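None of the figures in this text is laboratory data; all of them are computed from the coordinates on show. Only a predicted model underlies this, so the values are computations on that prediction, with no experimental measurement involved. As a convention, Cβ positions derive from the backbone with ideal geometry for all residues, glycine included, and neighbour counts pool all protein chains shown.
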Amino acid sequence: MGGRAVVKVHEGRLDPNAPLVLSTHELGRRPGTMRTLRRTVPAPADLGIAVIGVPEGSDLELDLRLEAVMEGVLVSGTVRGRAVGECVRCLTEVSQDVEVEVQELFAYPGKTPAEVGEDDDEVREIAPGELIDLEPTVRDAIVLELPFQPECDGPCQQDYEIGVSERTLGEAEDTEEPADPRWAALQGLLEQQPGQTPSDTREKS
């Protein structure tokens, strides 16, 4: 009996003109064959989270290597873009450069997870026409890189830091513990006059 069945990520044919759809035809299923790809493509929709993301249509820079291996095609490299969102405190616009590392194995059709060394039941598969869709891989990598609470570098950041410092200082003053009564005797010895003995202290009291 074979291994677990491959769960296909994509059904039907891919659009070869889609920005993040790549052709593997040149590799010819010859292990060790490799080609590099450098291009700038428009970002797809919803590339991010609710508070920050890469705007649809903005530039995504791809710097990739496609390598044929026994199990399929290994894609690795970097993706760069610029994310835009809102500061969670003052709602002003914030932006930041995003650069993520991607690595994904796209299996030849019919390969099982065990055959491609995957522990789960999902394997990304090369689609008809020897095409691969890199969008889910790019999306996962960028979403993990984005801050869930983006913050600006403006005045609200300074106000926030000052507020935290004042609050921390106030809490420290409010929670100062009273002196341990067990140390009272020792404190009395430390406060006695030079040359004075403990018995002199008792007599005065």
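Restricting segment 19-74 to GluC sites (Glu not before Pro) that sit in a DSSP loop and have at most 15 other Cβ atoms within 10 Å of their own Cβ leaves 56. A Cβ-based charge dipole, computed about the Cα centre of segment 21-155 with Lys and Arg at +1 and Asp and Glu at -1, lands at about 520 debye.
Over all other residues within a Cβ to Cβ distance under 13 Å of residue 36, the charged ones net out to +1, with Lys and Arg as +1 and Asp and Glu as -1.
FRET efficiency for the pair residue 86 and residue 61, taken as 1/(1 + (r/R0)^6) with r the Cβ-Cβ distance and R0 = 25 Å, rounds to 0.55. If you plug the beta carbon distance of residue 49 and residue 15 into 1/(1 + (r/R0)^6) with R0 = 25 Å, you get a FRET efficiency near 0.45.
With a cut-off of at most 11 other beta carbons within 10 Å, and DSSP calling the residue loop, which trypsin sites (Lys or Arg not before Pro) in segment 12-46 qualify? Please list them.
On the way: sites: 13, 29, 35, 38, 39; in loops: 13, 29.
In loop regions of segment 12-46 (DSSP not H, G, I, E or B), the sparsely surrounded trypsin sites (Lys or Arg not before Pro) are 13.
Cα gyration tensor of segment 21-155, axes a ≥ b ≥ c as square roots of the eigenvalues: rounded (a/c below 1.5), prolate (a/b > b/c) or oblate? In terms of gyration-tensor shape, prolate.
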